[in-house]
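**Student:** I'd like to ask you about the structure that follows.
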Amino acid sequence: MAATYVSVVLLLSVLGSASAQLSTGFYSSSCPNLLSTVKPVVHSAIYSEQRMGASLLRLFFHDCFVNGCDASLLLDDTSNFTGEKTATPNQNSVRGFDVIDKIKTAVEKACPGVVSCADILAITARDAVVILGGPNWAVKLGRRDAKTASLSGANNNIPPPSSSLSNLISKFSAQGLSRQDMVALAGAHTIGQARCISFRSRIYNDTNIDSSLATTRQSNCPSTSGSGDGNLAPLDLQTPTTFDNDYFKNLVNLKGLLHSDQQLFSNGSTDSLVKTYSASPSKFASDFAAAMIKMGDISPLTGSQGEIRNNCRMVN
């Protein structure tokens, strides 16, 4: 019994040690100008294309849900290596890799060989939210970059837009995230666009959808599969380039664009959270920031694990 207890304690200490090694001041001496180097590049990218803010935030989410926040998503395929970019949730969907390249170039110029691509993703996600009017938070740093990636992990761990509420809860729980974390993080859909292929089934088949929204979206998303698959629509009808709580107001009014969005307000266990966030922008902002910090703690590589990539697209 005692031996079992000791082994459990050791296991918990190992599991908890990685995130414990992350700290907001990790680069204070090795790269003191890191944050001021990253933000202007993010700002420039969003100024050029406001949708890019949502895309940069999404990169962090799609990275962290596959073997932790380790920049595995950024690795390009090679003749003998298959990365995560061609996974179903990512192909023709995840974008902003060129912006990360620009940030990495600027950071390498400021402090060569010091800052990981995984940490760049974490900082960039925060900056994108702040630039679009969302909450600020202190980003914990000290992650290192993976030398591997997982196509199967990307296909299995990232919940598709067709997800049921129980599937969403399961996928987030598998990453150590609570229902509250999940609903708060879903609020990221207050910015950005979605492709017709991801909401076609909802606007033609779902019954819990505002009829005017369905009609509007059908005009640019034909019912025939393969026709107009890439046509875009804003995830948040009112303010698609402002980080606010309109996403939750839309859900209450049955105006969620994705099936998975509306599942959060569908007479289920998360309805009350959606109502809370729709009524309180400050509560949403604080819970979103806390959930982003928690998501950033998912299985980071630290210490001598992984590496600091010279180029975010390939291992050294």
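**Student:** Nearest 20 debye, what's the magnitude of the dipole of the stretch 134-181 about its Cα centre given +1 on Lys and Arg Cβ and -1 on Asp and Glu Cβ? Could the numbers behind the result be given before it?
**Tutor:** Details: 6 positive and 2 negative charges, 34 e Å.
My answer is approximately 160 debye.
**Student:** Between Ala194 and residues 5 or more places away or on another chain, which pairs have amide H atoms under 5 Å apart, with H built 1.01 Å from N, and which residues are they?
**Tutor:** Amide H neighbours of Ala194: Ala233, Leu235.
**Student:** Given axes a ≥ b ≥ c from the Cα gyration tensor, I'd like to know whether the stretch 55-147 is rounded (a/c under 1.5), prolate (a/b larger than b/c) or oblate. Write down the numbers at each step before the final one.
**Tutor:** On the way: a/c = 1.70, a/b = 1.24, b/c = 1.37.
Oblate, because a/c is 1.5 or more while a/b does not exceed b/c.
**Student:** Another question about this same structure. Using a probe of 1.4 angstrom, how much of the accessible area of the chain is carbon and sulfur, in percent?
**Tutor:** Values: 7330 of 13730 Å².
Answer for the chain: carbon and sulfur cover 53 percent of the accessible area.
**Student:** Measure off 7 Å from each Cα along the Cα-to-Cβ vector at Thr82 and Asn205, then give the distance between these two points in nanometres to one decimal.
**Tutor:** Label at Thr82, label at Asn205, 2.6 nm between them.
**Student:** Based on the mean of other Cβ atoms within 10 Å per residue, sort peptides 23-35, 48-60, 79-91 so the most packed one is first. All intermediate terms of the calculation are to be shown ahead of the outcome.
**Tutor:** Working: 23-35: 14.2, 48-60: 21.5, 79-91: 15.8.
With the highest mean Cβ count within 10 Å placed first, the list reads 48-60, 79-91, 23-35.
**Student:** In whole Hz, what ³J(HN,Hα) sequence does the stretch 197-203 give by Karplus (6.51, -1.76, 1.60; θ = phi - 60°), x for Gly and Pro?
**Tutor:** After applying 6.51 cos²θ - 1.76 cosθ + 1.60, I find 4, 8, 10, 4, 4, 5, 6 Hz.
**Student:** To the nearest 20 debye, what is the magnitude of the charge dipole of the chain about its Cα centre, counting +1 on the Cβ of each Lys and Arg and -1 on the Cβ of each Asp and Glu?
**Tutor:** On the way: 26 positive and 24 negative charges, 22 e Å.
Once rounded to the nearest 20, the dipole reads 100 debye.
**Student:** If you roll a 1.4 Å probe over the heavy atoms of the protein chains, what accessible area per residue do you get for the stretch 58-118, in Å²? Walk me through the numbers before you get to the answer.
**Tutor:** Details: 2300 Å² over 61 residues.
Value for the stretch 58-118: 38 Å² per residue.
**Student:** Quick check: the angle from helix 52-64's long axis to the longest principal axis of the chain, C-alpha only, nearest 10 degrees?
**Tutor:** 60
**Student:** Let me make sure I get this right: for the stretch 218-272, a, b and c are the square roots of the gyration tensor eigenvalues over alpha carbons, sorted descending. Under 1.5 in a/c it's rounded, otherwise prolate if a/b > b/c, else oblate. Which is it? Don't skip to the end; give the middle numbers.
**Tutor:** Numbers: a/c = 3.04, a/b = 1.53, b/c = 1.99.
Oblate, since a/c reaches 1.5 and b/c is not below a/b.
**Student:** Which one of Asn155, Ala285, Pro234 is farthest out on the positive end of the charge dipole of the chain, using unit charges on Cβ (Lys, Arg +1; Asp, Glu -1) and the Cα centre as origin?
**Tutor:** Of the options given, the answer is Ala285.
**Student:** Please state the shape class of the stretch 126-257: rounded when a/c is under 1.5, otherwise prolate if a/b exceeds b/c and oblate if not, all from the C-alpha gyration tensor. Kindly include the intermediate steps, with their values, before the conclusion.
**Tutor:** On the way: a/c = 1.77, a/b = 1.39, b/c = 1.27.
Cα axes put the stretch 126-257 in the prolate bin.
**Student:** Would you mind working out the accessible area per residue for the stretch 223-286, using a 1.4 Å probe, and quoting it in Å²?
**Tutor:** Working: 2680 Å² over 64 residues.
Ligands and nucleic acids excluded, the figure is 42 Å² per residue.
**Student:** Apply the Karplus curve 6.51 cos²θ - 1.76 cosθ + 1.60, θ = phi - 60°, to the phi angles in the stretch 106-113 and return the couplings in whole Hz, x for Gly and Pro.
**Tutor:** Here the 3J(HN,Hα) series is 5, 5, 4, 5, 6, 7, x, x Hz.
**Student:** For Lys171, which lysines qualify as cross-link partners when the Cα separation must be under 25 Å and same-chain residues fewer than eight apart are set aside?
**Tutor:** Lys85, Lys140, Lys147, Lys249, Lys255, Lys275, Lys283, Lys294
**Student:** Between beta-carbons, use under 13 Å as the cut-off and find the net charge around Lys104, counting Lys and Arg +1, Asp and Glu -1.
**Tutor:** Values: positive: Lys102, Lys109, Arg309, Arg313; negative: Asp98, Asp101, Glu108, Asp119, Asp145.
Taking every Cβ under 13 Å from that of Lys104, the sum is -1.
**Student:** Taking θ as phi - 60°, what are the ³J(HN,Hα) couplings along the stretch 168-181 by the Karplus curve (6.51, -1.76, 1.60), each to the nearest whole Hz, with x for Gly and Pro?
**Tutor:** Working through the residues one at a time gives 4, 4, 5, 5, 6, 4, 4, 9, x, 9, 7, 4, 5, 4 Hz.
**Student:** Can you tell which of Ser166, Thr276, Asn220 lies farthest toward the positive end of the dipole of the chain, using +1 and -1 charges on the Cβ of basic and acidic side chains (Lys, Arg; Asp, Glu)?
**Tutor:** It is Thr276, whose Cα lies furthest towards the positive end.
The values are calculated or read from the model by the stated rules, or taken from the named source; none is laboratory data. Computed from a prediction, not measured in an experiment: that's the story for all the values here. All Cβ positions, glycine included, derive from the backbone under ideal geometry; neighbour counts span all protein chains shown. Calculation scope for accessible area: heavy atoms of the full protein, side chains included, ligands and nucleic acids excluded. Shrake-Rupley method; radii C 1.70, N 1.55, O 1.52, S 1.80 Å.
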